[in-house]
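All remarks here apply to the structure that follows.
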Amino acid sequence: MAHKKLFIPGPTEVAPEILAAMGVPMVGHRDKPFIELYTRVRPKLQQALYTKGRVFLSTSSASGVMEGAIRNCVGKRVLACVSGAFSERWYEIALANGKGADPYAVEWGQANAPEEVDRRLATGKYDAVTWVHNETSTGVMGDFSGMSRVMQKYPDVLFLVDTVSSMMGVKLEIDLLKPDVCLAGVQKAFSLPPGLTVFTVSARALERAKTVPHRGSYFDFVKFSEFDDKGQTPETPSISHIHALDKQMDRILAEGLETRWTRHLEMARLCRTWARERHALFAAPGSESVTLTTVKNIRNLDVGKLIKSLSDKHDVTLGNGYGKLKDKTFRIAHMGETSLQELRTLLGWIDDITNLK
Ligand SMILES: Cc1ncc(COP(=O)(O)O)c(C=O)c1O
């Protein structure tokens, strides 16, 4: 079957040599070769995330670690910032785990306002906040620095951040921004096959976790830190994924971090300009995502047909709008392995199909 190049917001394209790295023969996960692998990958992640703190690996998709963050970090009540499907999911996970939670919801296409978070935290009701940096459902990227400034005013409130579709596409200076948990599945801007999640955990989140009863077992962050001390994961990890991550981090660092962040910005600017000239942007001005563009379908295009034509003629896949935005928007991902030239070519193909220039 012909491979259809992925321009959907995850999973993204994986380089052939990275796929090949997954075929390395197995070793025992408590044995020296694995410990060497783990301790080789860890500093690369710390470098790319600008942190000296803990970076853990979970053999799960990102939602598993979202649940883990809730179970480990919420003792009292959580304020869930909701601006789309994935931030809504975090609210639902909190309720599903029996935690008290209140949504602070804004209209899809908008970003949660740090000052509104501040106002709600001032009530003293909460000991954690959930937030999605880059809402993949709407193409909105929130203000991480602004949120971080507010969170610093509340040292007893933990800041739980989903960077699923921004980590490795955008500069995330963890030690400066100080999220207590910051997580990402590797199937987005890391450009790796799905099934592994990278996450940072702060010292105060670990201290909190120790005091929270019934924080679960598979995602017990305290257990993660104990095994991390030994260069291991608590349970048997997807060793193949960690080999691929090791190699992909080499590629990312070889590209150069600043070069990588600039490449992503350039792709975002190209796509936004293109979309503004021919269609419209769904994200509120100033909140447009750097890693994907959600195009508002103001011309009443048949989005399904557009996606099918792209697939049939050019062997590429594009993302339809998410959930209630299906057919009202379409999403173009520009993250991970994608180059400016590939994006430019894709946009030209869309113009050809839609007869717009
Ligand atoms: C922002 C965001 N958060 C969470 C998730 C859920 O990730 P996973 O499917 O890896 O559990 C996604 C998936 O697309 C996402 O885009």
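Just so you know, all these numbers are worked out from the coordinates, no wet-lab data involved. Source: prediction; values computed, not measured. All Cβ positions, even for glycine, are placed from backbone atoms using ideal geometry, and neighbour counts span all protein chains on display.
Structure summary
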{"item": "Tensor-based shape of segment 1-148 (alpha-carbon gyration tensor, a/c under 1.5 rounded, otherwise prolate or oblate)", "result": "prolate"}
{"item": "Residue of PRO25, PRO43, PRO194 that the Gaussian network model of the chain assigns the largest fluctuation, springs spanning Cα pairs under 10 Å", "result": "PRO25"}
{"item": "³J(HN,Hα), Karplus 6.51/-1.76/1.60, whole Hz, each residue of segment 218-225, x for Gly, Pro", "result": "4, 10, 6, 5, 5, 4, 4, 5"}
{"item": "DSSP beta bridges in the chain [antiparallel fraction, %, rounded to 5]", "result": "50"}
{"item": "Neighbour-count order for ASP127, ASP351, ASP220, fewest beta carbons within 10 angstrom listed first", "result": "ASP351, ASP220, ASP127"}
{"item": "Whole-Å distance, taken between Cα centres, linking segment 83-97 and segment 1-49", "result": "29"}
{"item": "Distance violations [Cα-Cα > 31 Å] among LYS44/LYS305; LYS5/LYS223; LYS32/LYS76; LYS125/LYS210; LYS5/LYS326", "result": "LYS44/LYS305; LYS5/LYS223; LYS32/LYS76"}
{"item": "Amide H contacts of ALA105 (H built 1.01 Å from N, under 5 Å, at least 5 apart or other chain)", "result": "VAL82"}
{"item": "The chain: radius of gyration over Cα atoms, expressed as a fraction of 2.2 N^0.38 Å", "result": "0.98"}
{"item": "Packing-based order for 98-104, 64-70, 155-161, using average beta carbon neighbours within 10 Å, highest first", "result": "64-70, 155-161, 98-104"}
{"item": "Relative contact order (%) - criterion: Cα under 8 Å, at least six apart; region: segment 16-254", "result": "29"}
{"item": "Amide H contacts under 5 Å for GLY336, placed H, 5+ residues apart", "result": "none"}
{"item": "Ranked ILE298, ILE242, criterion: other C-beta atoms within 10 Å, fewest first", "result": "ILE298, ILE242"}
{"item": "For segment 107-179 versus segment 246-270, the gap between their alpha-carbon centres in whole angstrom", "result": "23"}
{"item": "Dipole magnitude of segment 16-254, debye to nearest 20 (Cβ charges: Lys/Arg +1, Asp/Glu -1, about Cα centre)", "result": "480"}
{"item": "Cut-off 9 Å between beta-carbons: net charge of the residues surrounding ASP228, Lys and Arg +1, Asp and Glu -1", "result": "+1"}
